[in-house]
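Encoded as structure tokens, the structure appears first; notes follow it.
Bear in mind that the values in this text are calculations on the coordinates, not laboratory data. Only a predicted model underlies this, so the values are computations on that prediction, with no experimental measurement involved. So basically every Cβ, Gly included, is an ideal-geometry build from the backbone, and we count neighbours across all protein chains shown.
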Amino acid sequence: MTTREKSRPGGWFWCSAASLLLPAAASALDIELSQATYVDKHYQYELVALLDAPVDRVQAVLRDYTSYTELDPRILEAKIIDRPADYVTTLETIVRACFGPFCRNVKRVERVEESPLELVATADASRSDVKFGETRMMLSVTDGRTRVSYRTSIVPDFWIPAFAGRRWLLETLEDGTIDLFRGVEARAKADSQQGH
């Protein structure tokens, strides 16, 4: 089992989208827990963080699936394939993933189920570059800020370099997620200041 665990009290989700949206110093994202692990071929990542933005705006940004490409330059494509039921979306994303010097585009087709302040995404392995993928995200309000509890587990269906590959993929998963949530925070904060 490989573990990368960090607990950062200050400072602060995929190549820094926040720098494209707002100056880095404007980010107030506080990480309470950041833990990447490899267990039984599953690459897992858990993040608990406080975003300096209202929960309704954070939720709106997270549900604006086709705008994910604006939150992080590593997300090359995000499109809604269909909406098979109320509060259910089939989402296809293509993400540029780099593991050290090795890069590839990774496709995921996921069933995203929405409920108040929660998203659960389950990958369709037959249409994705993963054998398994599940992500759960819950939002709550803490002192006027938004607490994000995020957990993902992925089993890739593509080659990972034997030398340092696990470590690189865990770092990519962690850094990408943190950069993405920086972008979410910046967009949600800007939207709330504009009165959206």
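A few comments on the model shown:
- Close Lys pairs in region 2-193, defined as Cα atoms under 19 Å apart and 8 or more places apart or on different chains, number 4.
- For the peptides 145-153, 101-109, the ranking by packing is 145-153, 101-109, with the highest mean count of neighbouring Cβ atoms within 10 Å listed first.
- The local environment of residue 103, defined by Cβ-Cβ distances under 12 Å, has a net charge of +3 under the rule Lys, Arg +1 and Asp, Glu -1.
- Label-point separation in nm, residue 192 to residue 88, each point 7 Å along Cα→Cβ: 3.2 nm
- Length gained on full extension, residue 32 to residue 111, computed as 0.36 nm times the residue gap minus the Cα-Cα distance: 25.6 nm.
- Per-residue Cβ neighbour counts within 10 Å put 58, 48 in the sequence 48, 58, beginning with the fewest.
- Normalised size of the chain, defined as Cα radius of gyration per 2.2 N^0.38 Å with N residues, equals 0.98.
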